[in-house]
Amino acid sequence: MTNILVTGSKGQLGSEIKELSKNYPNIHFVFTDIEELDITSFADIENFVAGKKFSYLINCAAYTNVDGAEENKEMAELLNAEATKNLATISKQNNIIPIHISTDYVFSGKGFKPYSEEEQTEPQSVYGDTKLKGENYLQEICPNHITIRTSWLYSPFGKNFLKTMLNLGKERDELQVVTDQVGTPTYAYDLASCIMQIIERLEKDNLFEDFGIYHYSNEGICSWFDFATEIQIVANNNCKINSTDSESFKTLAKRPHYSVLNKSKIKHIFELDIPHWRGRISHCINRIKS
């Protein structure tokens, strides 16, 4: 039986993987969060994995408060960089394949076409910088890994833009949402499914060599304004979404103006059929309502 360790299991992606795990009776999942495993402690991880023969580690743990990271750099560095270094080292020592989640924030956001995996990184925030450091540690220490950069994650779990817009759409008649930040929403359910497809491929292909960085989001391109508008339409809320620009919303961390990810590589290597972002909102909202 294949053993998989999942860190950050109470977050959006970890929760979706836990939901999907019911469909994989031949895989033994071990779901952990800070209560069970402190990934900032090398000794804790070492003791936890000892004798358990994990084949894969899905690292969903991260410090994801983008503005909070500007004020709490040490914590962001600890969770996004140093903890990833710990996991990379333990994975290398124990012949575990890490599947690590990163972000579109490693790019400058000054581009005008979808970012490929090979393009120059230039993070504009502490969050993006610490996530990039984590990526680099993984590449240096444990070459046989999969890093998936994703963007605009949402799900029925935790805090995210879709849930915020749903709640505010019921309470208010109008909302202001920025139209000059462009990217693609990612339904965490779809990303979790993608990860499981990757693992299935790795299980079948002992000669797999295409380790490294991949990009995944849903298909299509939109602004936060477009996303918010579609959410209200699907939810049948009568809330009017008004467009504004980033200058109207002063934030501690700089947001990328353009962070669309090119997914050609992951679609080709793993033969993925990725759904369009517009078609996935109703699936998520229906789960929230039920």
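Quick note: the coordinates plus some simple rules give every number you see, no bench work behind them. Small disclaimer: the values here were computed from a predicted structure and weren't measured. When we count neighbours, we look across all protein chains shown, and the Cβ atoms used for this are built from the backbone with ideal geometry, even at glycine.
Points worth noting:
- 3J(HN,Hα) along the range 271-285: 6, 8, 10, 9, x, 6, 4, 4, x, 9, 4, 5, 4, 5, 5 Hz, from the Karplus curve 6.51 cos²θ - 1.76 cosθ + 1.60 with θ = phi - 60°, whole Hz, x for Gly and Pro.
- Cα gyration tensor shape for the range 47-123, rounded if a/c is under 1.5, else prolate or oblate: oblate
- Only Lys, Arg, Asp and Glu carry charge here, each on its Cβ (+1 for the first two, -1 for the last two); on that basis the chain has a dipole of about 660 debye about its Cα centre.
- Identified option (computed Cα extents along the principal axes in Å; candidates (i) 68, 46, 34; (ii) 55, 54, 30; (iii) 57, 37, 37): (iii)
- Built amide H within the under 5 Å cut-off of residue 260, gap 5+: 115
- Gyration tensor verdict on the range 11-85 (Cα atoms; rounded if a/c is under 1.5, prolate if a/b is larger than b/c, oblate otherwise): oblate
- Axis of helix 83-94 versus longest Cα principal axis of the chain: the two differ by about 30°, to the nearest ten degrees.
- Subtracting the Cα-Cα distance of residue 70 and residue 287 from their residue separation scaled by 0.36 nm leaves 74.8 nm.
- Rounded tilt (10° steps) of 224-235 against the dominant C-alpha axis of the chain: 80 degrees
- The slack between residue 22 and residue 251, meaning 0.36 nm per residue of separation minus the straight C-alpha distance, is 78.5 nm.
- Inverse of mean 1/r across different Cα pairs in the range 141-249, Kirkwood, Å: 16.0 Å
- With a Förster radius of 30 Å applied to the C-beta separation of residue 53 and residue 140, the computed FRET efficiency comes to 0.75.
- Under 16 Å from a label point set 7 Å out along the Cα-to-Cβ vector of residue 264, the amide N atoms of the range 114-142 belong to 114-120.
- Number of Lys pairs (Cα under 22 Å; 8 or more positions apart or on different chains) in the range 28-111: 5
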